[in-house]
Amino acid sequence: MYYGEDIVEEVRQKTDIVDLVGQYVHLKKKGSSYFGLCPFHGEKTASFSVSPGKQIFYCFGCGKAGDSIRFLMEYENLSFVEALEELAERANITLPKEEKRDKGEEDLRYKILEINKQAALFYVKQLRSEKGKQGLAYCAKRKLSGESITHFGLGYAGKERDSLYQYCKSLGFKDQVLQESGLFSFKENGVYDKFFNRLIFPIMDLHNRVIGFGGRVMGDGEPKYLNSPETKLFEKSRNLFALNFSRKSRANYFILCEGYMDVISLHQWGFPEAVAALGTAFTEQQADLMKRFNSLIYLCFDSDGAGKKACKRAISILREKKLEGKVIRLSPYKDPDEFLKAEGKEAFEKRIEEAKNAFLWEVEEKKTEFDLHDPAGMQKYMESIAELLRTSFSDPVERENYLKAVAREQMLKAENLQHLVDKEEEKTQLSFGLRKNAGRQEKKREERWNSPLEEEFLSVLMQRNEFVDLAKKYIEEVDFQGDFAKEIYLKLLSGLSAKAILDSYQNEEEKYQKLVKLYHGDLYHMDLEKDEEKKLLSDYIRQLKLQKIEKEIKEVTDAEGLSHCFKERDKWEHFSL
């Protein structure tokens, strides 16, 4: 499905970006813009700006940028059309009833959503039927209440290998779309359901739409748990089970678990903050998703070796994303479900209160890796702590605070730990020098994309379209060094507005973000008076011409050519509008 440019523009015009962003971010006015803490990355100083005049947002910290539609896409994890439709509804805009259909990705997304919805209803009916007895028996065994079964939309995939396929075909879905849904295996000898003889867990997005499924085998089959493959709708690494429910909790934290049953059990016992990764290791994208709503994450993984290993990986990601992590101790029980059945709600609440700081938990766990009765083992233990301190905290104050806490808790001398940290820092100096040199090379490559001078010049033209005709008299395509800069300049010369140019790069993320920064203008301190802007334009024209001439001087080898270059340089050094 798609909508014409007139509809898109109407939605933009009737959506005040300050009002929209203000529903998610606390904004304060500073000059002509509004500022607040960025919802897309952790920060303590407000670097997220919203421009009411240009109707765009830009974060000076993480670089996220865009218009009202893009903000909702990023914040709510929506497609362009989904964000457009939600904003249209908020603005009381009636979208055309005659849907324009194309054969592209948007249309496919809607069809897969509908297939998933019908599949979820089918699985629910199966669980409640005679065929679902085994699934209900398993739920009873795990002491799941009827309320929990309904709340999470649990279902059952029977032992027949094509029952869902036949059901979807009866509803009129075509094989091409069914294949894209990920629910079926298309083979030479027929089409088969991916899920059979399994208890089904619908996976929903933040808007309670079914985007995939998880299935637990009934019996001893393998794999024990099976998830939908990735589709146009479903990416395991970017979604969390039950986040659609947990984000509405009044608590200021999430409880991150390993599996579906752990989450359902915790919700049933009165802990609606529980979420789980989807059959994969916890990812950075999942951490970003959680960070939109809360900054404190309790880790509640199984107490066995595999659970501890997964916990350490998650801690590293939380630290990277500036999220506070705490570890809930479950021993002597294996998982939260087992703990709750044995000890009850109050005991688990106490374990939450006693949860250990994630870094201090890591340090404690390191003890098991060394023989602390052996001086050599103690030395290695302390060196490993020093390395963990050095790599985990770049801020010297934060590192010192943790160093003192570790020394106090582990009964070690803080000065000895500091000595080891300093020693490790010295070892990295040589490799840092090598990395720094490599960084210079990367910077050179980046500058070939666009030079700062060319970016600033384009920024002026994107904000002051009336200057385009003036610039056209002096600046030609050959005056640019960056290919992308040439591309944008030619679009401006063709008469396209800045917003039209932005729209043309909606599907090229890197270029889109770069252009929004240029259009934002605050990047180049563009709050200038008219005469100052004209003087600035004059300076950019002169510098662009001189940049090209200096390049030519380096390349020209004959005296006549050099003489011409020197005359041109003298001419443009004194140029002004």
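The values are calculated or read from the model by the stated rules, or taken from the named source; none is laboratory data. No experiment lies behind these values; they were computed from the predicted model shown. Here Cβ is always computed from backbone atoms with ideal geometry, including for glycine, and neighbour counts include all displayed protein chains. Areas reflect the complete protein model, heavy atoms only, side chains present, ligands, DNA and RNA absent. Shrake-Rupley method; radii C 1.70, N 1.55, O 1.52, S 1.80 Å.
Beyond a 30 Å Cα-Cα separation, which of these cross-linked pairs lie in this structure: Lys54/Lys554; Lys236/Lys309; Lys174/Lys248; Lys28/Lys111? Kindly include the intermediate steps, with their values, before the conclusion.
On the way: Lys54/Lys554 41 Å; Lys236/Lys309 20 Å; Lys174/Lys248 37 Å; Lys28/Lys111 42 Å.
Violating the 30 Å limit, Cα to Cα: Lys54/Lys554; Lys174/Lys248; Lys28/Lys111.
A 1.4 Å probe over all protein chains sorts Asp469, Asp205, Asp162 by accessible area into Asp469, Asp162, Asp205, starting with the largest. Potential lengthening of the chain between Glu222 and Gln285 amounts to 19.8 nm, from the contour at 0.36 nm per residue minus the alpha-carbon distance. If the chain linking Lys567 and Glu466 were pulled fully straight, counting 0.36 nm for each residue of separation and taking away their Cα-Cα distance, it would gain 33.3 nm.
Which of the three applies to the range 452-574, rounded, prolate or oblate, going by the alpha-carbon gyration tensor with a ≥ b ≥ c and a/c under 1.5 meaning rounded? Note, shape of the range 452-574 comes out prolate. Think of it as helices only: each DSSP H run of n ≥ 4 in the chain is worth -39500 (n - 2.57), and spread over all residues that comes to -16000 deg cm²/dmol at 222 nm. A Cα-only calculation for the range 105-234 places Rg and Dmax at 14.2, 42 Å.
The modelled label-to-label distance for the pair Glu9/Gln176, using points 7 Å beyond Cα in the direction of Cβ, is 3.3 nm. Contact order for the range 145-251, expressed relative to its length and based on alpha carbon pairs under 8 Å spaced 6+ residues apart, stands at 23 percent.
Of the GluC sites (Glu not before Pro) in the range 349-401, which ones lie in a loop per DSSP and count no more than 14 other C-beta atoms within 10 Å? Each step should come with its number before you reach the end.
Working: sites: Glu349, Glu353, Glu354, Glu362, Glu364, Glu365, Glu369, Glu383, Glu387, Glu398, Glu400; in loops: Glu354.
Sparse-neighbourhood loop GluC sites (Glu not before Pro): Glu354.
Across the chain, Cα pairs under 8 Å and at least six residues apart give a relative contact order of 8 percent. The alpha-carbon atoms of the chain, seen along their principal axes, cover 90, 75, 50 angstrom, with the largest extent given first. Figure legend: label point modelled 7 angstrom from the Cα of Leu296 along Cα→Cβ; no residues of the range 33-61 have amide N under 11 Å from it. Where both bridge residues fall in the chain, DSSP classifies roughly 75% of the beta bridges as antiparallel.
Largest first, how would His151, His574, His207 line up by accessible area (1.4 Å probe)?
Details: His151 90, His574 140, His207 55 Å².
From most exposed to least exposed: His574, His151, His207.
A simple spin-label model places pseudo-atoms 7 Å from Cα toward Cβ; at Leu372 and Glu343 they are separated by 2.2 nm.
Take the Cα of Thr45, step 7 Å toward its Cβ, do the same at Lys309, and the gap between the two points is 4.2 nm. The range 38-58 and the range 1-36 have Cα centres separated by 12 Å. The order of the peptides 28-37, 325-334, 267-276 by mean Cβ neighbours within 10 Å, most packed first, is 267-276, 325-334, 28-37.
In the context of the full set of protein chains, the chain has a per residue accessible area of 52 Å² (1.4 Å probe).
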